[in-house]
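Working notes, structure below.
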Amino acid sequence: MSAQQPSFGVVLRRWRERRRMTQMDLAFAANASTRHLSYLETGRAQPSREMVMRLGEYLDLPLRERNTLLLAAGFAPAFQERPLAELSAAREAIAQVLDAHKPYPAFAVDRHWNIVLSNRVLPQLYVDVAPELLRPPVNSVRLTLHPQAMAPRIVNLAEWRNHVIAELRHQLDARADAGTQALLTEVMSYPTPPGAAAIEPEEGAERYATPLKIRTEAGVVSFLSTITVFGTPTDVTLSELALEMLFPADSRTVAIVGAMTKAESGAALRNAALAEAD
């Protein structure tokens, strides 16, 4: 076993400790003896494929990590990892959900928060963003927090930054991932806005969720973000996708977005008429 590929026992013990479970806890959950589990972790015994699958389930491992656990035990992966383009039914379902959310922003992100699908509404929200940050794959975390992206126009940047950092840390607790760690390190290197260290809840939406407040030419819009994931996925790619949808947090945002949408539609009609005239 090479240094780059830890043994099954090492991988198992790391995940058990990450989940803050004792050997007795995990053995009981997986219907095994504590001695057998100890032997598996020390390499004195080899697991069956069924045992590896049970352990992965009770450790609540992401599908990618269950495949890694199987490989470490000498078995073939159990879960496929296909490009989203090949998951036509899922892609169509995602596109329908995103489209139905118009005129409010919605997008699907992968495990590293890269946007893989979007309903592409309200381009007014992305003015003054550096062109290189809008080249695919656009990263949703970088899009809001990078100093050359939307950060200068986010009214509550300190609160939003703390919210995003907490989400990234929670994700790292759930699954060790070098890409997520790199993204967190990058975010922590950005200039720290005033008030980022100590935040007190305010009245209104802030009492139960952190809104994203963006300054636009038409005024400040405020959104609440929701995350939706697929239930019982059997494909690695699908299991790591999340749909993020922004909902208006107040009536003022509803009015401003309505005006933005109307202006955008009018501009599109004028451009179409000019194109026909040419």
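Does any residue of region 96-104 turn out to be within 26 Å of the chain's Cα centre (by Cα) and closer than 17 Å to Phe8 by Cα?
Within region 96-104, the first condition is being within 26 Å of the chain's Cα centre (by Cα), and the residues that meet it are 96-104.
From the residues that got through so far, the ones that are closer than 17 Å to Phe8 by Cα too are none.
So far as region 96-104 goes, no, none of its residues is within 26 Å of the chain's Cα centre (by Cα) and closer than 17 Å to Phe8 by Cα.
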| query | All but one of (1) surrounded by fewer than 18 Cβ atoms within 10 Å (Cβ to Cβ); (2) in contact with an Asp or Glu (Cβ under 6 Å, 6 or more places away or on another chain) hold for Asn119; which doesn't? | reply | (1)
| query | Asn31: among the polar types (S, T, N, Q) and within 22 Å of Gly179 (Cβ to Cβ), yes or no? | reply | no
| Counting only residues that are farther than 10 Å from Val236 by Cα and either among the small types (Gly, Ala, Ser) or touching a residue at least 60 places away in the same chain (Cβ under 8 Å) (or both), how many does region 61-70 have? | 2
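So that you can scan it fast, the table gives a plain yes or no per residue for (1) at positive phi; (2) among the basic types (Lys, Arg); (3) modelled with pLDDT under 95; (4) out of contact with any Cys (no Cβ under 6 Å at 6 or more places or on another chain):
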{"site": "Phe8", "(1), (2), (3), (4)": "no, no, no, yes"}
{"site": "Arg19", "(1), (2), (3), (4)": "no, yes, yes, yes"}
{"site": "Ala29", "(1), (2), (3), (4)": "no, no, yes, yes"}
{"site": "Tyr39", "(1), (2), (3), (4)": "no, no, no, yes"}
{"site": "Met51", "(1), (2), (3), (4)": "no, no, no, yes"}
| task | Go through (1) free of Cβ contacts under 8 Å to residues at least 40 places away in the same chain; (2) open to solvent by 20 Å² or more (accessible area, probe 1.4 Å) and name the single condition Gly56 misses. | result | (2)
| message | Based on this model, can you work out whether Leu134 counts as surrounded by 19 or more Cβ atoms within 10 Å (Cβ to Cβ) and over 29 Å from Thr232 (Cβ atoms)? | response | no
| task | Sort out which residues of region 222-265 are out of contact with any Asp or Glu (no Cβ under 6 Å at 6 or more places or on another chain), part of a helix (DSSP H, G or I), in contact (Cβ under 8 Å) with a residue 12 or more places away in the chain and among the hydroxyl-bearing types (Ser, Thr, Tyr), and write them in order of number. | result | Ser239, Thr253, Thr261
| Extreme residue, surrounded by the fewest Cβ atoms within 10 Å (Cβ to Cβ), among residues of region 140-187 that are over 15 Å from the mean Cα position of the chain (by Cα) and among the polar types (S, T, N, Q) | Thr185
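Of Ala149, Ala178, which residue is of a type in the set (Gly, Ala, Ser), under 30 Å from Pro83 (Cβ atoms) and modelled with pLDDT of 95 or more? Talk me through it step by step, then tell me what you get.
Working: Ala178 fails: modelled with pLDDT of 95 or more.
Checking each option against the conditions leaves just Ala149.
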| request: State the number of residues belonging to region 18-44 that are more than 18 Å from Asp60 (Cβ to Cβ), open to solvent by 80 Å² or more (accessible area, probe 1.4 Å) and either touching a strand residue (DSSP E or B) at 6+ places or on another chain (Cβ under 8 Å) or not basic (Lys, Arg) (or both). | output: 1
| Looking at (1) over 27 Å from the mean Cα position of the chain (by Cα); (2) surrounded by fewer than 19 Cβ atoms within 10 Å (Cβ to Cβ); (3) among the hydrophobic types (A, V, I, L, M, F, W, C), which is the one condition that is false for Ala90? | (1)
| query | How do the pairs read when you match residues in region 106-122 that are on the phi > 0 side of the Ramachandran plot with residues anywhere that are outside any loop (DSSP other than H, G, I, E, B) and open to solvent by less than 20 Å² (accessible area, probe 1.4 Å), using Cβ under 8 Å and keeping only pairs 6 or more apart or on different chains? | reply | Trp113/Asn139; Trp113/Ser140; Trp113/Val141; Trp113/Leu183; Leu122/Val257; Leu122/Met260
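The values are calculated or read from the model by the stated rules, or taken from the named source; none is laboratory data. These numbers were taken from a predicted model, which means no experiment stands behind them. Cβ sites come from the backbone with ideal geometry, for glycine too, and all protein chains shown count toward neighbours. Ligands, DNA and RNA are stripped out before the accessible areas are found, and what is left, the full protein with its side chains, is counted by its heavy atoms. Shrake-Rupley method; radii C 1.70, N 1.55, O 1.52, S 1.80 Å.
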